Amino acid sequence: MAAASPSDLAERVRHALGMPEDHPRLDELNAWAARWHNTLDIHPSRGIWSQLDDTARSELIDAISVPESFFWRYAAQLQRVVSRVHQYTGAGKVRIWSACCAGGEEPYTLAIMLAEAGLLEKAELVATDINARKLAQARIGRFSERAVRPLPAPSTCRWFDWQGGLHPWQIHDRLREAIRFEKLDLLAFAHGQVPPPLQAPHVVLCRNALIYFDKHSQRRIVEAFYRTSDAQAWLLLGHSERLPLTQTQWQLHTASDHAWYAKKTASSPEPPRPSTRLPEPARTDRVVPRPSVSPETHSIRQVRAVHATKKGTETSLTESLKQARSASEPHAIIQACRRALYLDPDCAEAHWLMIQAAHASGQIPLRDRHRRLLQHILASLPERTMINMETPVSVADLRRALDTLEGNTP
C-alpha cells in the first residue's frame, strides 16, 4: 500500500530516523516526500528504511543532512584531544573516531593540530558520515574559501594549495592519507546493526549531531558509544549539547571555554591537563555585544567566528529574527526561529519566540524542549544580566516567565 499523502510519508520517515519535531531540515524532508510519495510502496508493518530504493535513499540523505561545518570549529576541544595524544603511553596509537564528519572539516582540523604538534603518527583517525556525497568530497580534500577562513593563516599556507574554482583550497596528501573515511549510519550503529568503524576508540567526536535526533535516539547512540569504546574513552559533544544529569555512564569535565565527557569506570582517573604549550587556537565562539544597547547589557549569543566575520550570514540571522517578530501565525514564527537557531543554537530570543509560538499553537513537547534549552543557557548567567532581545529583559525576569509556562497548557 502506498503512503496516503506526502505529509504521512514525511511523518513516518521522521519517526523512523529519530528526527525531533523542530529539526531544521523538515521543509526539505517534506519536499522529498512530495516527490516520492506516489512512487514508493510503503508497508506500515515493515521498516521504512529497507523499503527505499537506492535513489530514494540517496536523495533522502542529501535532503535531511546538515553538512554545515568549517575548520577550527570549537578548537579548544580539539586541543584537548591533542593533549591526550601527547600524554598517551599505551600500546599502539590513540584511536579517534569523528562521527557525522560531513565534508571532513573536523577530522582535518584535528589532523592539522596533531601534525603541527608532531603527533600525527601517534593517532589513528577514522571519520564517518551517512552522506556518501559529502564523504566523497572529504576524501578529495577540496574546500571553499568560507570553510577555510577560520584557520590561522600560517596553517592555511602550510597545509593547503590554492587551485582556484568553487572549492579552491586543496589539502595536502599527508593529511588526506592520515584519515580513513567510511560511510556509517549512526542509528544503525546505535541499534547494533553495524559495528563501529574502529575497535575500542579512545576518543569519540560527535559534535553538533545529537541535536538532530530525538531523545530516545540520542540515548541509544550515547549508550552505543559507551559499549564500544575504550575503558577510559572520552566523548566530545557540541557546545549546545549536554547529556542528561540522570545518566551514569559519562562524567562531565569542564574547562574555561570547553567541556568533554570521560567514561565512568570503577577507578576513573582525572583527565590529564595539557603539559605542553600547543599552538594557540583561533577562537571560534565568543560573546558578542549588540551595539544598540548599553555597555552593561550583554548578549549571550555564542556566535561562531565564521558567522561573526561574514556579514551575509549575520544578516541572515538578523533577518530570521525580524521575520519571527513580525509574523502573526505560529507556524511562520516557528519556521523563522528554526532558521535562526540553525545559524546560532544559543540565540535566546529565537528560543523565547519559539516557546511562545509553540505554546500558542498547543505544541507542548516543542515548547518544553526549547524552554529547557533556554533554561540551560540562562543557568550560568547572573540574574541582573540583561538579555538582548527586541526589548532587553533581565535574566531574572526571563526565568520567571519560563517558570509560568511549566506545566501549563494554552
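Once segment 61-80 is narrowed to residues that are surrounded by fewer than 22 Cβ atoms within 10 Å (Cβ to Cβ) and assigned to a helix (DSSP H, G or I), the residue that is modelled with the highest pLDDT is Q79. Tell me, yes or no, whether segment 126-139 has at least one residue that is outside any helix (DSSP H, G or I), of a type outside the set (F, W, Y), more than 30 Å from T39 (Cα to Cα) and touching an Asp or Glu at 6+ places or on another chain (Cβ under 6 Å). Checked against the condition, which is being outside any helix (DSSP H, G or I), of a type outside the set (F, W, Y), more than 30 Å from T39 (Cα to Cα) and touching an Asp or Glu at 6+ places or on another chain (Cβ under 6 Å), segment 126-139 yields at least one hit. Checked against (1) modelled with pLDDT under 90; (2) outside the structural domain of R35 (by TED's automatic domain parsing); (3) in a loop (DSSP other than H, G, I, E, B); (4) not basic (K, R), G47 passes all but a single condition, namely (2). Considering (1) surrounded by 20 or more Cβ atoms within 10 Å (Cβ to Cβ); (2) touching a strand residue (DSSP E or B) at 6+ places or on another chain (Cβ under 9 Å); (3) not hydroxyl-bearing (S, T, Y), the lone condition that Q218 does not fulfil carries the number (2). Going by the conditions given, is A115 more than 19 Å from L235 (Cβ to Cβ), in contact (Cβ under 8 Å) with a residue 12 or more places away in the chain and hydrophobic (A, V, I, L, M, F, W, C)? Spelling it out, A115 is indeed more than 19 Å from L235 (Cβ to Cβ), in contact (Cβ under 8 Å) with a residue 12 or more places away in the chain and hydrophobic (A, V, I, L, M, F, W, C). Does A178 count as modelled with pLDDT of 95 or more, among the aliphatic types (A, V, I, L, M) and surrounded by fewer than 21 Cβ atoms within 10 Å (Cβ to Cβ)? So A178 fits the description; yes. From the list V148, V203, the lone residue that is under 19 Å from the mean Cα position of the chain (by Cα), of a type outside the set (K, R), closer than 23 Å to R84 by Cβ and modelled with pLDDT of 90 or more is V203. Filtering segment 295-337 to residues that are at pLDDT 85 or above and of a type in the set (K, R) leaves K322, R325. Just one residue in the set A127, A111 is modelled with pLDDT of 95 or more, under 17 Å from S69 (Cβ atoms), small (G, A, S) and in contact with a Phe, Trp or Tyr (Cβ under 7 Å, 6 or more places away or on another chain); that residue is A127. If only residues of segment 338-384 that are more than 17 Å from the chain's Cα centre (by Cα), at pLDDT 80 or above and among the small types (G, A, S) are counted, the one that is surrounded by the fewest Cβ atoms within 10 Å (Cβ to Cβ) is G362.
The values are calculated or read from the model by the stated rules, or taken from the named source; none is laboratory data. Since the model is a prediction, treat every value here as computed from it, not as a measurement. For neighbour counting, all protein chains shown are included, and Cβ atoms are generated from backbone atoms with ideal geometry for every residue, glycine included.
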